[in-house]
Amino acid sequence: MTLEAYLIVAAALFALGLIGAMSHRNLIALLIGIELMMNAASLNLMAFNRFVVADPTVGQIFVLIIIGLAAAEVAIFLSIILRLYRAYRDIDAEKLTELSG
Amino acid sequence: MDTLLLILLTTGAPLACFVIALLFLVQRPRAAQGTVLFGSAVSVISAIGLLLQGAVAPLRFLWFQSGGIQLQFGFLLDGASLMFGVVVALITACIMLYSTGYMARDPGKTRYFALLSFFAWSMLSFVYAVDLLQAFIFWELVGLSSFFLIGFWFEKPEAAGAARKAFLMTRIGDVGLFIGILLILQLAQSFDLPGLLDPQSGLATRVSPDALNAIALLIFIGIMGKSAQFPLHTWLPDAMEGPTPVSALLHSATMVAAGVFLMIRLHPLFMAAQDAALIVLTLATFTAILSSTIAMVDSDMKKVLAYSSISQLGFMLMALAAGSLFAGVFHLITHAVFKALLFLCSGIYIHAYHTNHMVEIGRRGGRRLKTATLGLLIGGAALAGVPPLAGFWSKEEIFAQLGRDGFTLYMGGAFLAAFLTAYYTFRMIFLIAKPDRIRAADDSPSEPLAMKIPVWLLALGAIVLGLFGRNIASGLGLIAPHHTFASMLPAIGVVILGIAIAYFDYGRDNAPRTGFIGKIAPLNALFVNKWYIDDFYRVTLVAMTHALSRVLHWVETHILDNNYDRFGLGILRTGAKSTRIQNGWMQLYLGWAILVLAVVALVLG
Amino acid sequence: MLEQSVVYLFVALVLIGGCMAAFSRQVLYAIIGLGISLLGLAGLFLSLGSPFVAAMQVLIYIGGITVAIVFAMMLSIAMSVRPPDPDVRKSMFAIGCAVVFFFAVAYLIRDTSFPQVASPASEKAWSVGALGHALLTHYNLVFETLSLVLLLAIIGAILIARKEKT
């Protein structure tokens, strides 16, 4: 497979993640969409590292860092979800409007 | 003493007093009055000091520079400004002293004296200005302060209206003046007065006669407004609504004199613009005759004096336009003195009898006010041109100049105006001092000392000033022309004729007490109605303005308002719509962000 | 040839999983789709020559993150509750955005000529040893910072999620 093919796949994955993040009202589904978009970025980085940049380690380290950050992000996100659920008995993104003017 | 210090004292003292009086002394009118008088005295002394020093090189300070154009602030200390500066400072001081009596019981005393001081500052700074733009700024300040002072009793609708009229009328002229100044800037790239008027390299040597004529005419429009020349003269008689000392100041040394002084300043320019000078001469002659005729029939003392001011200003402009700087300056100075004197005398009558009506003043025993009547006699004689008083000598210079340059027609006009002047002046004197009957005196009118001293001082000036013509001429760097007794005969004759007819009409026992002009009904009606000029303005300009206003009002309410409302509502609706985008709905934000990103990628990619 | 078809299989896994995650209305199915997609991605990483990252992907994402999401789901939503009806206009807008974005990026990719490296680096250079060496020398600061971020995230998550003492 060529670089372009990988990039197209990454773009498709990103678009799917976008749909997931935009169309669902459930906060967990939203998180899933965001994870998909992040992974699309990882794929991009790996592909570029393989085909364009000669240095073999850069892309892998980027991806590892992304994975680490994703773990941290998910930990925080999930704790927020739990907290919201406890407070409102709901995790519908559209109903959490207490701060809305 | 240092020139700079003197000039700063001359112009700065009134300004400082104005600020101090308005800031700190509003509740203490007597202190304000004292401060202002003191400042005025300082101003007079330093102005005299400057005059004694003689003409020196101009002092210039760079204000700012834009491109090649330098705007400066400074003082031009030549003969004309030095002499006239002293006149301004002295007359202002006299009038301030007089005002302490005249305005003794006015509640707005602090404001009055502060404004007088402000007026003095503007006028003095205008007189000494070295830069044309600086002169224009103070010219406008002079207009502004006379607006304040004419409308000093602003609770009277006539006074407020007169102030507005004065301001607007002079504004009309100032538009022309300002365009003229801008034209000068465009052609000369400079506002420096000595540079502009230099005989070798000045403006007159560099631009075409047409441009020069245009500039001169535009500037004359400004002078027309300020010095109340036909057709912009109608504000001056109305300006009599102000306190009488203010009228005295306006008519003698400040407001109206500013116009003439500008012409004196720019005299070389007008001399180079022959066509414009001829137009000025024509209009000035016409104005002198026109206003004299109105003064012949009016019965309001201040109005008569006002019209006589207009006619005397016409004389000055005639002299200047005919080419004699000396005659113009001379008449400006003598007129300043005797006109201030006349107004102060009329102020005493008005203060005592609370009426402006000459017949009324006479019948109530105006002649018992000795100082006022004597001052009126001296001032009137000077105004009429009775030798050897001041007015005679300066007018004689004007006739001589007109005769010398072959302006025969204009000389005839000048003689006519001089005859009318003598006539209406003595009509005024006879009406007041020789009334047909005196009503039983019920009160003994008083003349406060503060009001008498200035009258004496000015009367002295009106008597002797005419003999100093030679000094004034040498102050200007000119030589006074020599006059023989024979050359003075026509002027004397005209004056005697005027006085004789006035005596026949008003002065002798069993006089008819109506003017000879009353027998010619159409002319009389014309004069009484002031040549219908105000009415003409009312039916043309004012009506046109009203019509225009109505049209604009219709446009405003029917076209503009609707559209502006729609515009506003549109913005309101757009806002209401666009708040829907900002709905706190994060997923939507994300979508828009991505869309924009895609568009950017497509456009740039 | 076989290798090629395996790669295409991974691509198919990624896209099918992505579609499940994006379009399913049940959260559980979406999580399963996410797992499938991540698995395919791990395969793609493998095909790109990085077995270590692929292994990490499986371990952390599928084994850690996906399971954590499942726990969160179970703790928050009753599984039996019928999910709310989807907002059609919102979905349409989302799909529109995604499509526009995809085609914009695809156009850009087609339009750009990437400088291709003639021969990919040797297998040895991609080894775990080289990676570890780089992480602990050149990228040491990033590594340490990341560990700090993870620590903070753990503390923060505990702080946020714990029960308030009443």
Going by the alpha-carbon gyration tensor, a ≥ b ≥ c the square roots of its eigenvalues, is chain B rounded (a/c under 1.5) or, if a/c is not under 1.5, prolate (a/b greater than b/c) versus oblate?
prolate
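Which entries of B:LYS370/B:LYS519; B:LYS395/B:LYS519; B:LYS339/B:LYS530; B:LYS339/B:LYS370; B:LYS395/B:LYS434; B:LYS156/B:LYS434 have Cα-Cα distances beyond 23 Å here?
In this structure, B:LYS370/B:LYS519; B:LYS395/B:LYS519; B:LYS395/B:LYS434; B:LYS156/B:LYS434 lie more than 23 Å apart at Cα.
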Give me the aspartates and glutamates in straight-line cross-link reach of C:LYS163: C-alpha distance below 20 Å, same-chain residues under 8 apart excluded.
A:ASP90
Computed about the Cα centre, the charge dipole of the protein assembly as shown from +1 Lys/Arg and -1 Asp/Glu charges at the Cβ has a magnitude in debye, to the nearest 20, of 2180
If you scale each eigenvalue of the Cα gyration tensor by 5 and take the root, what three semi-axes come out for chain C, rounded to whole angstrom and sorted largest first?
33, 27, 17
Given the protein assembly as shown, what percent of its DSSP beta bridges are antiparallel, to the nearest 5?
100
Once you sort the root eigenvalues of the Cα gyration tensor of the range B:467-556 as a ≥ b ≥ c, which label holds: rounded (a/c under 1.5), prolate (a/b larger than b/c) or oblate (the other case)?
oblate
Among C:VAL142, C:VAL53, C:VAL14, residue whose mean-square fluctuation peaks in a GNM of chain C (springs only between Cα atoms under 10 Å)
C:VAL142
Expressed in angstrom and rounded, the centroid-to-centroid distance over alpha carbons for the range A:1-72 and the range B:268-313 is 94
Can you tell which of C:ALA21, C:ALA104, C:ALA54 shows the greatest fluctuation in a Gaussian network model of chain C with Cα springs below 10 Å?
C:ALA104
What whole-number value in cubic angstrom gives the convex hull volume per residue for the C-alpha atoms of the protein assembly as shown?
299
Given R₀ = 60 Å, what would the calculated FRET efficiency be for B:PHE154 paired with B:PHE485, taking r from the Cβ atoms and rounding to 0.05?
0.70
Using just the helices of chain B, give the 222 nm mean residue ellipticity in deg cm²/dmol: DSSP H runs with n ≥ 4 each add -39,500 (n - 2.57), and the total is spread over all residues, rounded to 500.
-24000 deg cm²/dmol
Yeah, the range B:293-373 with a ≥ b ≥ c from its alpha-carbon gyration tensor (a/c under 1.5 is rounded, else prolate when a/b outruns b/c, oblate otherwise) is prolate
May I ask you to list the chymotrypsin sites (Phe, Trp or Tyr not before Pro) in the range B:19-105 that are in a DSSP loop and have at most 14 other Cβ atoms within 10 Å of their Cβ?
none
Most fluctuating residue of C:LEU150, C:LEU39, C:LEU135 in a GNM of chain C with Cα springs under 10 Å: which is it?
C:LEU150
Convex hull (Cα only) mean projected area of the range A:3-88, reported in nm² to one decimal
5.6
Please turn the phi angles of the range B:459-473 into ³J(HN,Hα) values with the Karplus equation 6.51 cos²θ - 1.76 cosθ + 1.60 (θ = phi - 60°), one per residue in order, whole Hz, x for glycine and proline.
4, 4, x, 5, 6, 9, 4, x, 7, 9, x, 4, 5, 5, 4
If each K or R counts +1 and each D or E counts -1, the residues other than B:VAL130 whose Cβ falls under 15 Å of its Cβ total -2
Based only on other Cβ atoms within 10 Å, what is the fewest-to-most ordering of B:TYR506, B:TYR128, A:TYR85?
A:TYR85, B:TYR506, B:TYR128
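Coordinate-derived values only; no laboratory data. All of these numbers come straight from a predicted model, not from anything done at the bench. We place every Cβ from the backbone using ideal geometry, glycine too, and count neighbours over all the protein chains shown.
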